[in-house]
Amino acid sequence: MAEVKITKLTKKFGNTVVVQDFDLTIKNSEFVVFVGPSGCGKSTTLRMVAGLEEITSGDIVIDGKLVNNVHPKSRDIAMVFQSYALYPHMNVFDNISFGLRAQKLGKPEIEKRTNEAAAILGLEELLARRPGELSGGQKQRVAMGRAIVRKPKVFLFDEPLSNLDAKLRHKMRAEMKLLHQQVQTTTIYVTHDQVEAMTLADRIVIMCNGRIEQVGTPDEVYKTPKTQFVAGFIGSPAMNFVTGIVEAAGRGTALKTDDGSVIAMPKCLAKVGKRVTVGFRPEHMQLASTTTKPKSAISVSVTPSVIEPMGHETIVTCNAPFGEITSRITEEVKLRVGRELQFHVASDKLHFFDDKTGKRME
Ligand SMILES: Nc1ncnc2c1ncn2[C@@H]1O[C@H](COP(=O)(O)OP(=O)(O)OP(=O)(O)O)[C@@H](O)[C@H]1O
Ligand SMILES: [Mg+2]
């Protein structure tokens, strides 16, 4: 277990900057998830922590020790990748204990640690099998076993579940969480899946173009995204955005969108004349036909174009003059493509972003 302190970390490949001024302190025992779109620099950052990628500038300190020039083997970390690269000719026991034998630990110690790891991961019955005789999830657990037995200071995971099908992914995600509760090892976990990030992380680091957009608990990044990018990235289906100019309307204000629609704004953080983007989540849209309008709310009329029943809820993609809007309906109501719907969104569920900078307006 250890604290990992990353300061002003930057990586260039030739003239291209792929990670810039990355600043983050990961606390002892913390589970931190790096999330962001493909190519934003997640793996590169993780590989620099592992020592597999040279640093252009900045510092990495693990457990109080500057490791910039320390060999990966001496950093006391264990990394699990997307491809688990098990040795096909070795059985599970030998695959898990491989690193320990390389460290020349005594046989009783190797057996003790391997059996412990196998027990944590539920692999006791499978120790004599070879990788070819295992399911995807079992192989994944063996790869994790190999990391656990080394009792490293830090676990680094790079999309460890992305080779698994949806159901198994869900199961392994829960196991991953349970594992961390048991071993409490400081963990950095990379994924581009925001659901994985939300469900696993103590804190999420959202990256975009090599930079950190926001660091926060799952609750913080969901409720108060600092940028429009974070707002659109976290949450599924994604947040709806409507952009327009703030106008005076009676005693209050309204948003005039590019197509000329006018949406009355009960509460608006922006001055008249400013161009803003208003965001609201599909799950915060209340059907006007089944709910009373909250005291302070906006109303939008939209026309469903695609209706996707999911059993416990229905995802409805709608057209509106000001753009496409997605809503999430949990009530039992009859919906029809083309039949207009009216929604309310309570003002405390609205997010305002400066259209120029993409920053949240507080
Ligand atoms: N060895 C390399 N030489 C040049 N460019 C590289 C190299 N490795 C990575 N890059 C570039 O650095 C950027 C960040 O890559 P990285 O692998 O860190 O992204 P990522 O966030 O992990 O993406 P993904 O979700 O697709 O795995 C990308 O634009 C990539 O093309
Ligand atoms: Mg990657």
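The calculated FRET efficiency for Glu124 paired with Asn28, based on their beta-carbon distance and R0 = 35 Å, is about 0.70. Build a GNM of the chain with springs between Cα atoms under 10 Å apart, and of Ser57, Ser162, Ser135 the one that fluctuates most is Ser135.
Given a 10 angstrom Cα cut-off, can you work out which residue in Thr257, Thr227, Thr330 is the most mobile in a GNM of the chain? Highest fluctuation of the listed residues: Thr330. The residue among Ala231, Asn68, Ile263 whose Cα reaches farthest toward the positive pole of the charge dipole of the chain, with charges on the beta-carbon of Lys, Arg, Asp and Glu, is Asn68.
Against the compact-protein benchmark of 2.2 N^0.38 Å, the Cα-based radius of gyration of region 240-354 scales to 1.06. 3J(HN,Hα) along region 340-347: 4, 10, 10, 10, 10, 10, 4, 5 Hz, from the Karplus curve 6.51 cos²θ - 1.76 cosθ + 1.60 with θ = phi - 60°, whole Hz, x for Gly and Pro.
For region 251-256, the Karplus equation 6.51 cos²θ - 1.76 cosθ + 1.60, evaluated at θ = phi - 60°, returns couplings of 8, x, 10, 9, 9, 9 Hz by residue, with Gly and Pro reported as x. Calculated over the chain, the projected area of the Cα convex hull averaged across directions stands at 22.1 nm². Annotation note: trypsin sites (Lys or Arg not before Pro) in region 222-319 located in DSSP loop regions with a Cβ neighbour count of at most 12 within 10 Å are Arg251, Lys271, Lys295.
Charges only on Cβ, +1 for Lys and Arg, -1 for Asp and Glu: so what's the dipole of the chain about the Cα centre, in debye to the nearest 20? Charge dipole, the chain, about its Cα centre: 460 debye, nearest 20. Projecting the Cα atoms of Gly244, Met1, Ala166 onto the charge dipole of the chain (Cβ charges, centred on the Cα centre) puts Met1 farthest toward the positive pole. For the chain, the 222 nm mean residue ellipticity estimated from helices alone, with every DSSP H stretch of n ≥ 4 adding -39500 (n - 2.57) and the total spread over all residues, rounds to -7000 deg cm²/dmol. A 21 angstrom limit on the alpha carbon distance is what I want to check against. Which of Lys295/Lys349; Lys274/Lys295; Lys27/Lys151; Lys11/Lys223; Lys73/Lys151; Lys65/Lys104 exceed it? Check vs 21 Å cut-off fails for Lys274/Lys295; Lys11/Lys223; Lys65/Lys104. Close amide-amide hydrogen proximity is noted between Val190 and Phe34, Phe157, Asp158, Glu159, each under 5 Å apart and 5 or more residues distant or on a separate chain (H modeled in the peptide plane; Pro and chain starts excluded). Applying the criteria of a DSSP loop state and at most 15 other Cβ atoms within 10 Å to the GluC sites (Glu not before Pro) of region 29-122 yields Glu54. In this structure, Leu66 and Leu105 have a Cβ-Cβ separation that, at R0 = 45 Å, corresponds to a calculated FRET efficiency of about 0.95.
Ranking Ala128, Gln103, Tyr87 by how far each Cα lies toward the positive end of the dipole of region 4-233 (charges on Cβ) leaves Gln103 at the top.
Taking other C-beta atoms within 10 Å as the exposure proxy, His71, His192 rank His71, His192 from fewest upward. Note on His312, His170, His351: ascending count of other Cβ atoms within 10 Å places them as His312, His170, His351, the fewest first.
With contacts taken as Cα pairs under 8 Å and at least 6 residues apart, the chain reaches a relative contact order of 15 percent.
When only Cα pairs below 8 angstrom with a gap of at least 6 residues are kept, region 240-354 shows a relative contact order of 30 percent.
No lab work stands behind these numbers, since they all come straight from the coordinates. Only a predicted model underlies this, so the values are computations on that prediction, with no experimental measurement involved. Counting neighbours? That spans all protein chains shown, and the Cβs are built from the backbone with ideal geometry, glycine included.
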